[in-house]
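First up is the structure itself, then whatever we jot down about it.
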Amino acid sequence: MIEFRFEGRPVAAEDGQSIGAALHAAGIRSWRTTRIGGRPRGLFCAIGACFDCLLTVNGTPDQRACQTVARAGDEVTG
Amino acid sequence: MIGAGIVGASCAYALMRAGVRATVVDRGGVASGTTGAGEGNILVSDKEPGPELELALRSGELWRELDEECGGFEWEPKGGLVVAETPEVLDALTAFAENQRRHPGPAGVVASVVPATSLRDFEPHLADGLAGGVHYPQDAQVQPMLAAARLLKASGARLVRTAVERFLVAGDRVAGVRTGQGDLYADAVVNAAGTWAGSFPQAPLPIRPRKGFILVTQPFAVPPVRHKVYTAAYVTNVASDAEGLETSGVIESTRAGTVLIGASRQRVGYDTAIDYRVLAKLARQAVALFPVLADRQVMRAYAGLRPYSPDHLPVIGPDHRLRNLFHACGHEGAGIGLAPATAEMITAQITGGSPRVDPAPFAPGRFA
Amino acid sequence: MSYDLAVVGAGPAGLTAARVAARRGLRVALLDAYATPGGQFLRGTAPPRLTGVDVMLGQRVWAVEKSSDGFRVHASTTTTATTLLVATGAHDKVVPFPGWDLPGVLTAGGAQALVKGERIRPGEEMVVAGTGPFLLPVAVTLLDAGVRVKEVLEANRPSPRMAAALALVPSKAREALGYASRLAAARVPYRTGHAVVAAHGEDSVEGVTVARLTPGWRPYAWRTVDCDTVAVGYGFTPQVDLLLQLGCAVAGDHVVTDDRQRTSVEGVLAAGEVTGVAGAPSAVVEGALAVHSLVGEPPPRLLAEKARLRRFARALDLSYPVRDGWRDWLTPGTVVCRCEEVTLRAIDEARDLGAHDPRTVKLLARPGMGWCQGRMCGHAVAALTGHEPAPQKRPFAQPITLADLTLHDREDNA
Ligand SMILES: Cc1cc2nc3c(=O)[nH]c(=O)nc-3n(C[C@H](O)[C@H](O)[C@H](O)COP(=O)(O)OP(=O)(O)OC[C@H]3O[C@@H](n4cnc5c(N)ncnc54)[C@H](O)[C@@H]3O)c2cc1C
Ligand SMILES: Cc1cc2nc3c(=O)[nH]c(=O)nc-3n(C[C@H](O)[C@H](O)[C@H](O)COP(=O)(O)OP(=O)(O)OC[C@H]3O[C@@H](n4cnc5c(N)ncnc54)[C@H](O)[C@@H]3O)c2cc1C
Ligand code: FES
C-alpha cells in the first residue's frame, strides 16, 4: 500500500494501482467538472479512451487518472 | 452557385437580399471544402495597401452587419497583435502599419504600435524578449463553418449535393450546369468552387492549391491567448511565391476553448496528407511565442488547401469568355475574411448595381 | 537500432506475435501504453519479460509513419522497424442515454478492468446493461468481487441465430452456461429485451430507469431500480487510429486483412480486435498468423481455427446489433458528446442547418471535437445522421504535449 494526496487529503492505493481506481475505491467518484455545464466527471471507460478522468498530478495538468499509476507522495488535484 | 463554402454561401445570401434566388450545388455539402479546413480570421493587419486591403476593409464592415442581421457564427472583434522578435523587425512592422494607415478610403486601417513593455497588457502569456508589436483592433474572427451554414440557410437557397461536371453553353453564354443529378438552368452561374474553381474545361482559371496545416490544442477553460497573435514572418509568407514549405507562428483561441496553431504554406498539389515535420515546426513556433503552451497537449491536426491565383488576388467578376458566368474564387488564405465583400461585388455585377469596391483588379480576364 | 518487427499493443494478439516472432529469430520490439503487458484480457497477468523481445512499456504511440526503409513508431521515443504489426485492441461502445455522463456510470469493459486489473470494487449495488455475451462475464466478475448485482439487462432478444453462433464454438457455449448458472445461483435476474434508458442522481448515480424494449429497442413499461453504479456495454469499437494514419483500407469499423493479417499497405500487419471484434482466442490466433506472413507458411490448422473463430464472431455480431430504437431513449437535452457537452438538440440544430453527415455535424456542433476525439460519441453521431459509423482519421492517436511534438521537426529525428 502506498499513499498519495488528493486535494490535500490522503488516499491509499495498492502498488501498481491507478490514481483513478484508488480515488474511485475511496468513494471519490468525481474530481473535475466540465468546462461548459460544470458537470462532475470521474471514471467512465477506465482504459484511457474517454478522457473523462483528467486531473493534475504533481503540477502536470490533464493526466488521465485511469492511466496514471499512483506513486507515494503524489499530489493530485482536480 | 457552384460551391457551398463561405464564398458561395455569402454570395447566395447577398443575392437573396437583392431579390435573386439561388440554387447552390456542392458535391460535399456546406463547408465541405477549404472553409471546413481552415481558420476564421478576418484580417486587415496582414494586407498591404491595395485592392485586397480595400476588399478586406469593406468585408470587415459587412461581417459586423452580418452578425447583427444573421449571427450565430461566433463573430468576435478580438483584434490582432503582430509581434516582432527583434527591433529591426519592429521597425519594419511599424513602417508597414504606417503605410497601411496612410491608405486613403472611408474606413482606413487602425493600428497602434505596442512597445515591448506593454505587450503583456494585450497578451499576458507572451514570451520574454519580444521587441514589441502592432495592435490591429479591426481584426476579427468567425467560426467559418457555422458562418457558411447560417448564411446559406438564411439565404433560403436550395442546396443540391452533387458534383457539377461542366457548364451548359449555348453560343457565347452559359445557360446552366450539368450535374450528377441532371441539368440545372439559370440566368447566371457563379463559380465559387474554391480551390477547384479553375478546372472547368470551358472556362479554366489559373487557381491552384496551397496547403496549410492547423494544430488544435486541448480545450482550455480560459485559453491563454486573447487576440489573433502572429509573427511578422507571416506577412512575408502570405505574400511569397515560394514553392517550398514556409511556416510562421499564428495563434489564436476559439470560442470552444481550443487554441489553433498555424500557419504553414506549401505547394504540393491536392494532397492533404499529414506531415509531422511541419506540425512540429508549428508547435515550436507556438511554444516560442507562448511558453505556457509547452506542457499543454495537442489533440488534432488537419490540412486544408487554399485556393491561390498567380497574383494572390481573388478572381471576382464576369468571365471574359462566356456571358452569364461569374467567378468568385481564388481567395487563398483570406476567403473567410473577404467573402462578404466578394458577395457584394458579385451581386452588384449580376444585378447591374455599382460595386462599392473597384472590381477591376479582380477581373478574371487579367490572366488571359 | 532498427527492428525487423515492431508490435504496437501487448494484448493477446501482440504478445503472441512478439513471442512467435522472437522464436523465429526476428528482432522484435513490443510497445504498449500500459505499465504492464497483457492488454484488456490478460491485464498485467502476462510475464513482464519475453525472451528475445524488447518490451517497451508506458509507451503511448501517437503516430506511425512510413519511412524509406520501413516504419517509424512515435511514442515518448521513436522506434524504427522494417515491418509493423498493429494490435491496439478495442474500446467499449456505449450508446448515450439521459444521465450517462453521471459519475457511477461505467463502461462494461471499464468495470471489468477495475476489478481484474485494479482489484477494486467498482460499486456496491450495480446494474449491468447493454448487449452482447460480454455482459455475462462482467456480471460474474462483479459478483465475485462482492458487488451486489441487481440485474443484468440484455437489450436484444434471444434468437435462433444466437444459438447457432454458440454451436459453432462449443467451449464458448459451455462458458456462457457457466456464467448463466453462476448468475442464477446468486439470484441475479438476466432479462433480455430490457435496457437502462436513464441514470439518475445529483453528483453520482443513485438509480436507473429500466425499460422493456420492443425488438427494435423502443422503450415501454418503465420502472426504476436503485443502485450506485451502472456498467453499460454495447459491444466494442476497434482502435484503428494508427492503421488509418498509414492509409490501411477499412471495412465497417475495422481494418481489412488477408488470411495472414496483411493490410492493404505493404509491410503493415494487423491482428486482434483491430481486424474486427472477435475476442481474445481469435486475437491469439491472428497474432501467430501475422508472424507467418513474415517467415514460413501458416499452418493449415491455424488458418482453419481463425476461420472458425471469425465465423463465430460474425454470428455474434449479427445476433447482438445495436438497434435504432435507442434514439428514443434520448431527450433533446441529453448529452451525446460527453467532452464538448453537445446535446441531441444541438445535433438536431446542426442538421437543420444543412449538416447531412457526421463530419458536417461535427464542424457545426462540435460532437467529437473534444478530448476523446469522437471515440465515445462517434457511432452515435453517425447513427443520428443516418450514417454507418466509420473510423475517423486521427493524426494523433494519443494527445501529446506541444513540447514533445517540437522534437519531431527534422527528417532525421528518429
Ligand atoms: C490552414 C488554413 C487556414 C486558413 N485560415 C484562414 C483565415 O484565418 N481567414 C481567412 O479568411 N481564410 C483562411 N483560410 C482560407 C479560407 O479557408 C479559404 O480562402 C476559403 O475557405 C475559401 O472559400 P471558398 O468558398 O472559396 O472555397 P471552399 O470552402 O473550398 O468551397 C468550395 C466548394 O465548392 C465545392 N466544389 C468544388 N468543385 C465542385 C464541383 N465541381 N461540383 C460541386 N461542388 C464543387 C467544394 O465541395 C467546396 O465545398 C485558411 C485556409 C487554410 C487551408
Ligand atoms: C475495457 C475492456 C475490457 C475487456 N475485458 C475483457 C475480459 O475481461 N475478458 C475478455 O474475454 N475480453 C475482454 N475484453 C475484450 C478484449 O478486446 C479481448 O478479449 C482481447 O483482449 C483483445 O485482444 P487484442 O490483443 O486485440 O487487444 P487488447 O487486449 O485490447 O490489447 C491492446 C493493447 O494495445 C495497447 N494500445 C492501444 N493503443 C495503443 C497506443 N496508441 N499506443 C500504445 N499501446 C496501445 C493497449 O494498451 C492494450 O494493452 C475487454 C475489452 C475492453 C475494451
Ligand atoms: S476513465 Fe476513460 S480515460 Fe480514464
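The values are calculated or read from the model by the stated rules, or taken from the named source; none is laboratory data. Computed from a predicted model, the values in this text were never measured in an experiment. Neighbour counts run over all protein chains shown; Cβ positions are idealised from the backbone, glycine included.
One table, with the values for the structure above:
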read-out: Identity of the residue in segment C:20-32, within 13 Å of ligand 2 (Cβ to nearest atom) and touching a residue at least 40 places away in the same chain (Cβ under 8 Å), that ends up nearest to the chain's Cα centre (by Cα); value: C:Leu31
read-out: Conditions (1) within 16 Å of ligand 3 (Cβ to nearest atom); (2) under 18 Å from the mean Cα position of the chain (by Cα): number failed by C:Ala35; value: (2)
read-out: Condition met for C:Val188 (free of Cβ contacts under 8 Å to residues at least 60 places away in the same chain and not assigned by the TED database to the domain that holds C:Val8); value: yes
read-out: First in segment B:41-55 and touching a residue at least 40 places away in the same chain (Cβ under 8 Å), second anywhere and assigned to a strand (DSSP E or B) and surrounded by fewer than 24 Cβ atoms within 10 Å (Cβ to Cβ), Cβ under 6 Å, 6 or more apart; value: B:Ser45/B:Tyr136
read-out: Check on B:Ala12, more than 7 Å from ligand 1 (Cβ to nearest atom), surrounded by 19 or more Cβ atoms within 10 Å (Cβ to Cβ) and more than 14 Å from chain C (Cβ to nearest Cβ); value: no
read-out: Segment A:27-78, residues that are over 8 Å from the mean Cα position of the chain (by Cα), within 12 Å of ligand 3 (Cβ to nearest atom) and hydrophobic (A, V, I, L, M, F, W, C); value: A:Leu43, A:Phe44, A:Cys45, A:Ala46, A:Ile47, A:Ala49, A:Cys50, A:Phe51
read-out: Residue in segment B:257-267 that is touching a residue at least 40 places away in the same chain (Cβ under 8 Å) and under 22 Å from B:Pro51 (Cβ atoms) present; value: yes
read-out: Top-ranked residue in segment B:286-295 [being assigned to a helix (DSSP H, G or I) and either surrounded by 18 or more Cβ atoms within 10 Å (Cβ to Cβ) or without any contact (Cβ under 8 Å) to a residue 12 or more places away in the chain (or both); ranked as farthest from the other protein chains (Cβ to nearest Cβ)]; value: B:Leu289
read-out: Pair list, Cβ < 8 Å and 6+ apart or interchain, from segment C:191-203 residues that are acidic (Asp, Glu) to residues that are in a strand (DSSP E or B); value: C:Asp203/A:Pro40
read-out: Filter result for the condition that a residue is away from ligand 3 (no atom under 16 Å from the Cβ), in contact with an Asp or Glu (Cβ under 6 Å, 6 or more places away or on another chain) and of a type outside the set (D, E, K, R), over C:Val147, C:Val127, C:Val140; value: C:Val127
read-out: Selection status of C:Thr331, more than 14 Å from chain A (Cβ to nearest Cβ) and at pLDDT 95 or above; value: yes
read-out: Considering residues of segment B:239-270 that are touching a helix residue (DSSP H, G or I) at 6+ places or on another chain (Cβ under 6 Å) and of a type in the set (A, V, I, L, M, F, W, C) only, the residue farthest from B:Gly79 (Cα to Cα); value: B:Ile261
read-out: Residue that is surrounded by the fewest Cβ atoms within 10 Å (Cβ to Cβ), among those in segment B:131-151 that are part of a loop (DSSP other than H, G, I, E, B) and in contact (Cβ under 8 Å) with a residue 60 or more places away in the chain; value: B:Pro137
read-out: Hits in segment B:188-235 - residues which are within 14 Å of chain A (Cβ to nearest Cβ) and part of a loop (DSSP other than H, G, I, E, B); value: B:Gln218, B:Pro219, B:Phe220, B:Ala221, B:Val222, B:Pro223, B:Pro224
read-out: In segment C:360-376, residue surrounded by the fewest Cβ atoms within 10 Å (Cβ to Cβ) [restricted to those that are more than 7 Å from every other protein chain (Cβ to nearest Cβ) and touching a Gly at 6+ places or on another chain (Cβ under 8 Å)]; value: C:Gly374
read-out: Residue count for segment C:199-238, restricted to those that are surrounded by fewer than 22 Cβ atoms within 10 Å (Cβ to Cβ) and among the polar types (S, T, N, Q); value: 4
read-out: Yes/no for C:Ser204 being out of contact with any His (no Cβ under 6 Å at 6 or more places or on another chain), within 16 Å of ligand 3 (Cβ to nearest atom) and not in a strand (DSSP E or B); value: yes
read-out: Some residue of segment A:64-77 being within 16 Å of ligand 2 (Cβ to nearest atom) and either surrounded by fewer than 15 Cβ atoms within 10 Å (Cβ to Cβ) or more than 10 Å from every other protein chain (Cβ to nearest Cβ) (or both); value: yes
read-out: Any hit, segment B:86-101, residues being hydroxyl-bearing (Ser, Thr, Tyr), closer than 26 Å to B:Trp75 by Cβ and either surrounded by 16 or more Cβ atoms within 10 Å (Cβ to Cβ) or not assigned by TED's automatic domain parsing to the domain that holds B:Leu53 (or both); value: no
read-out: Subset tally (residues that are within 15 Å of ligand 2 (Cβ to nearest atom) and part of a strand (DSSP E or B)) for segment C:127-149; value: 2
read-out: Candidates C:Ala397, C:Ala383, C:Ala315 - the one that is in contact with an Asp or Glu (Cβ under 8 Å, 6 or more places away or on another chain) and either away from chain A (no Cβ under 14 Å) or closer than 26 Å to B:Gly71 by Cβ (or both); value: C:Ala383
read-out: Among the residues listed as B:Ala283, B:Ala341, the single one being over 30 Å from B:Leu62 (Cβ atoms) and crowded, with 24+ Cβ neighbours inside 10 Å; value: B:Ala283
read-out: Lone qualifier among C:Thr45, C:Thr77 - being β-branched (Val, Ile, Thr), more than 14 Å from chain B (Cβ to nearest Cβ), more than 9 Å from ligand 2 (Cβ to nearest atom) and over 19 Å from C:Ala13 (Cβ atoms); value: C:Thr77
read-out: Complete set of residues in segment B:163-203 that are exposed (fewer than 15 other Cβ atoms within 10 Å of the Cβ) and either over 30 Å from C:Arg351 (Cβ atoms) or touching a residue at least 60 places away in the same chain (Cβ under 8 Å) (or both); value: B:Arg166, B:Ala170, B:Gly171, B:Asp172, B:Gly180, B:Asp187, B:Ser199, B:Pro201, B:Gln202
read-out: Residue among C:Gly110, C:Gly104, C:Gly132, C:Gly123 that is under 22 Å from C:Thr237 (Cβ atoms) and either surrounded by 24 or more Cβ atoms within 10 Å (Cβ to Cβ) or assigned by the TED database to the domain that holds C:Val285 (or both); value: C:Gly110
read-out: Segment C:107-126, residues that are more than 7 Å from chain A (Cβ to nearest Cβ), more than 10 Å from C:Leu142 (Cβ to Cβ) and in a strand (DSSP E or B); value: C:Glu125
read-out: Condition met for A:Ser30 (within 11 Å of chain C (Cβ to nearest Cβ), in contact with an Asp or Glu (Cβ under 8 Å, 6 or more places away or on another chain) and either at positive phi or within 16 Å of ligand 2 (Cβ to nearest atom) (or both)); value: no
